[in-house]
Amino acid sequence: MRAVCGWMCAVDFDYELGEASGGATIFSSEKDLHEHRRCTTAEDAAHKGVEVVTLSKEDFNVLVEKSGIDPMTIRASNLGPVVWSKIEKAV
């Protein structure tokens, strides 16, 4: 199983991930996030940096199954085809 850690703006994570037509950018480090997304350096809590972990679809499904989580309770926007295509290209 291969997990890749990254950083993104909390607004992108909450509202854009899986929904944005051009995708949402995941940066390789918190420093890189702050350099490219100035909104994350402000005091605005809505734009704080969020650490995220990306997995392949198969690895994600294995983790969900092992944890006993009902897949229907996971937000659909986090499982959209845009997310999977980005993850699979990165692997």
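Some observations on this one:
- The distance between label points at Glu30 and Asp59 comes to 2.2 nm (points 7 Å beyond Cα on the Cα→Cβ vector).
- The residues neighbouring Glu30, those whose beta-carbon lies less than 15 Å from its own, together hold a net charge of 0 under the Lys/Arg +1, Asp/Glu -1 convention.
- Loop-resident trypsin sites (Lys or Arg not before Pro) (DSSP state other than H, G, I, E or B) in region 1-63 with no more than 16 further Cβ atoms inside 10 Å of their Cβ: Arg2, Lys48.
- Cross-link partners of Lys57 among aspartates and glutamates (Cα-Cα below 13 Å; sequence separation of 8 or more within a chain): Glu65, Glu88
The numbers here are math on the coordinates, done by the rules we state, and not lab data. What you see is a predicted model, and the numbers here were worked out from it, not measured in a lab. Cβ atoms come from the backbone with ideal geometry, glycine included; neighbour counts cover every protein chain shown.
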